[in-house]
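Working notes, structure below.
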Amino acid sequence: MKKGLFYLLAMILFVSVLAACGPDDAQKSEGEKEATESGEMPEKPEKLKLWVNAEEKQEEALKEMTAGYTEETGIEIEMVPVDMLEQIEKLDVEGPAGNGPDVIFQPHDRIGDLVLRGLVDPVDLGDIEKEYTDTALEAMQYDGEYWGYPAVAETYAMYYNKSRVEETPETMEQIMEIAERDTDSDKDEFGFLMEAANLYFVYPFFSGNGAYVFANEDGNYDITDIGLNNEGALKGGELVSEWFDKEYIPQDLTPDIMNGLFQEGKVSTIINGPWTVRDYSEALGEDLATVPLPKLENGENPKSFVGVKSYMLSYYSENKEWAQDLMAYLTNFESSMTYYDIAGELPARKDAMEDPIIADDPIYSAFAEQTQYGEPMPSVPAMQQVWEPFNDGLNFISKGEPVKEVLDEAVETIKEQIEASGVKEK
């Protein structure tokens, strides 16, 4: 009897608690849902933390851009310089400890790794999605979601020294003629240089002939289908082998030596990225010129790797809506042009790339045009298992090893490393 009465009283108390707080709590969550769906923002935080790449010009640009955001919203931005390639490991530690940022800055090819580790959240680009370039949007997609606000699109192009090259080089046939004419290794003079033992730079001469890293259909990569030793790859490998055999490119060429020679006026043509524009301009002045990568023998424009750097949303951010608001601001037209002006990096926006300041620029326009022919580097985690084995293979090719055997071995090693890494196909 007493036991039954106890349960009855307990039940009455439980119902009373539900009556007191249930409807309010339900109403609150429904209200939050409606606010989210209607685009209303939660209460402003006092500040947001942004990890920026530890590079002087980039930091300078971000200071000006974030100052504008603070003036507009009243939200302070705590900028913390962290080397871009160290941000993942640092976030893995700082995020769970509550010391992490709201926003990080990363190249798109690391998205797969970040998602796999659970360090970032997908973003909703909303109405501004259409403002970014198609290549940038493609790069930001993984597993059916967008994982960042595109900020920078970069690829490489052909620089040339007008004091050594009279006519604008437009084909690889012309480049080879220049290499034959101007190369005198005894005097450290060269007609054509590039990092030819680096997949990132040499990829266009493979892909332009039909090679590929992973089979790709609408952004879905088949990591079991590797095209780096197919017929097109063999053509690319033979071309690279020829450059070293004829001593157009010296073995074990380092970026520092290559850049130094070009800046000293000892190199006619060179393939490199826009990050060297300022140094090259200071050295060569009016003699510096650029063109998109010269067409291959088959008439195709070489398909260079396009890298897209973006602002990404930390999984640990407690201000996700405002963090996305900040990212949208940092990638709007005005901010993008500020970043281009100060940091010298090309925006990932259609209107910015079409603006005369970039489209008519005698140097940067070549890089902007080349991005149209390029393709995003695969963002799947398996891509991290490709670089070292293939670069090792290119190094063997540079030293005269048989191209087909080297490529077959490189691809086999890549497959083994992907399997050992435990990465699954997406």
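The values are calculated or read from the model by the stated rules, or taken from the named source; none is laboratory data. This one's a predicted model, so the numbers in the text were calculated from it and none came from an experiment. Cβ atoms come from the backbone with ideal geometry, glycine included; neighbour counts cover every protein chain shown. Heavy atoms of the whole protein, side chains included, go into the accessibility calculation; ligands, DNA and RNA do not. Shrake-Rupley method; radii C 1.70, N 1.55, O 1.52, S 1.80 Å.
Tabulated results
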quantity	calculated
Test: residue in segment 278-289 that is out of contact with any Cys (no Cβ under 6 Å at 6 or more places or on another chain), of a type in the set (Phe, Trp, Tyr) and closer than 25 Å to Ala136 by Cβ	no
Residue selected from segment 262-283 under the condition modelled with pLDDT of 95 or more and of a type in the set (A, V, I, L, M), by the criterion farthest from Ala157 (Cα to Cα)	Ala283
Residue selected from segment 182-201 under the condition over 30 Å from Pro378 (Cα atoms) and touching a residue at least 40 places away in the same chain (Cβ under 8 Å), by the criterion farthest from the chain's Cα centre (by Cα)	Lys187
Conditions (1) assigned to a loop (DSSP other than H, G, I, E, B); (2) within 24 Å of Pro107 (Cα to Cα): number failed by Pro389	(1)
Test: Glu264 is closer than 25 Å to Gln372 by Cβ, open to solvent by 50 Å² or more (accessible area, probe 1.4 Å), out of contact with any strand residue (DSSP E or B) (no Cβ under 6 Å at 6 or more places or on another chain) and touching a residue at least 12 places away in the same chain (Cβ under 8 Å)	no
Matching residues, segment 329-375, being closer than 19 Å to Leu137 by Cα and β-branched (Val, Ile, Thr)	Thr331, Thr371
Among (1) crowded, with 21+ Cβ neighbours inside 10 Å; (2) more than 20 Å from Phe206 (Cβ to Cβ) - the single one Phe192 does not satisfy	(2)
Set Pro347, Pro381: member being within 23 Å of Leu91 (Cα to Cα), of a type outside the set (Ser, Thr, Tyr) and open to solvent by less than 30 Å² (accessible area, probe 1.4 Å)	Pro381
Flag for Val267 being closer than 17 Å to Arg164 by Cβ and of a type in the set (Val, Ile, Thr)	yes
Hits in segment 295-322 - residues which are in a helix (DSSP H, G or I) and among the hydrophobic types (A, V, I, L, M, F, W, C)	Trp322
Of the criteria (1) over 22 Å from Asn53 (Cα atoms); (2) free of Cβ contacts under 8 Å to residues at least 60 places away in the same chain; (3) in contact with a Leu (Cβ under 7 Å, 6 or more places away or on another chain), which one Tyr340 fails	(1)
Condition met for Asn229 (of a type in the set (S, T, N, Q) and open to solvent by 10 Å² or more (accessible area, probe 1.4 Å))	yes
Segment 125-145 residues that are touching a residue at least 60 places away in the same chain (Cβ under 8 Å), paired with ones that are surrounded by fewer than 20 Cβ atoms within 10 Å (Cβ to Cβ) and among the charged types (D, E, K, R) (beta carbon under 6 Å, 6 or more apart)	Thr133/Lys350; Asp143/Lys426
Pick from segment 389-426, criterion within 23 Å of the chain's Cα centre (by Cα) and aliphatic (A, V, I, L, M), ranking: surrounded by the fewest Cβ atoms within 10 Å (Cβ to Cβ)	Val423
Pair list, Cβ under 6 Å, 6 or more apart: segment 270-283 residue over 15 Å from Ser304 (Cβ atoms), other residue open to solvent by 50 Å² or more (accessible area, probe 1.4 Å)	Ala283/Gln263
Filter result (small (Gly, Ala, Ser) and over 23 Å from the mean Cα position of the chain (by Cα)) within segment 254-290	Gly260, Gly265, Ser268, Ser281, Ala283, Gly285, Ala289
In segment 37-62, residue modelled with the lowest pLDDT [restricted to those that are within 22 Å of the chain's Cα centre (by Cα) and basic (Lys, Arg)]	Lys57
Exclusive hit being open to solvent by less than 40 Å² (accessible area, probe 1.4 Å) and either in contact (Cβ under 8 Å) with a residue 12 or more places away in the chain or under 26 Å from Tyr280 (Cα atoms) (or both), set Tyr373, Tyr364	Tyr364
Ala197 being open to solvent by less than 50 Å² (accessible area, probe 1.4 Å), of a type in the set (A, V, I, L, M, F, W, C) and part of a helix (DSSP H, G or I)	no
